[in-house]
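Reading through the structure tokens given below for one structure.
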Amino acid sequence: MTTDIKKTPAAAILVAWLIVGIPAAWGIYNTALNAKKIFAAPPPATSTTTPTTAAK
């Protein structure tokens with residue numbers, strides 16, 4: 001009994017991985033950027049007083 005095995009060309013496998021991998025990597029990158037905001041220190045408090053002018 002003989003079996004005919006068809007092999008997928010390496011270029012086709014590479015293209016398939018790129019089609020899936022590039023958008024997946026982009027999504028992971030954007031998720032990491034947004035998650036970084038959660039763990040960042042809050043901005044320093046700003047003063048709400050108005051500056052006074054120097055006496056002349």
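Suppose all protein chains stay in the model; what accessible area per residue would a 1.4 Å probe give for the chain, in Å²? Spell out each step's value before the answer.
Working: 5930 Å² over 56 residues.
That works out to 106 Å² per residue.
Counting each DSSP H run of 4 or more residues in the chain as -39500 (n - 2.57), what helix-only mean residue ellipticity at 222 nm follows after dividing by all residues, to the nearest 500 deg cm²/dmol? Walk me through the numbers on the way to the answer.
On the way: 1 runs with 30 residues, N = 56.
Taken over the chain, the calculation gives -19500 deg cm²/dmol.
Using a 1.4 Å probe on the protein chains only, how many percent of the accessible area of the chain belongs to carbon and sulfur? Don't skip to the end; give the middle numbers.
Details: 4180 of 5930 Å².
Heavy-atom surface of the chain belonging to carbon and sulfur, 1.4 Å probe: 70 percent.
Relative to the longest principal Cα axis of the chain, at what angle does helix 10-39 sit, 0 to 90 degrees, rounded to 10?
Roughly 20 degrees, rounded to the nearest 10.
Rounded, prolate or oblate: which one fits the chain, using the alpha carbon gyration tensor with axes a ≥ b ≥ c (rounded when a/c is under 1.5, else prolate when a/b beats b/c, else oblate)? Show your work: numbers first, answer last.
On the way: a/c = 12.53, a/b = 5.38, b/c = 2.33.
Prolate.
The values are calculated or read from the model by the stated rules, or taken from the named source; none is laboratory data. Since the model is a prediction, treat every value here as computed from it, not as a measurement. Quick note on the areas: whole protein, heavy atoms, side chains included, nothing else; ligands and nucleic acids left out. Shrake-Rupley method; radii C 1.70, N 1.55, O 1.52, S 1.80 Å.
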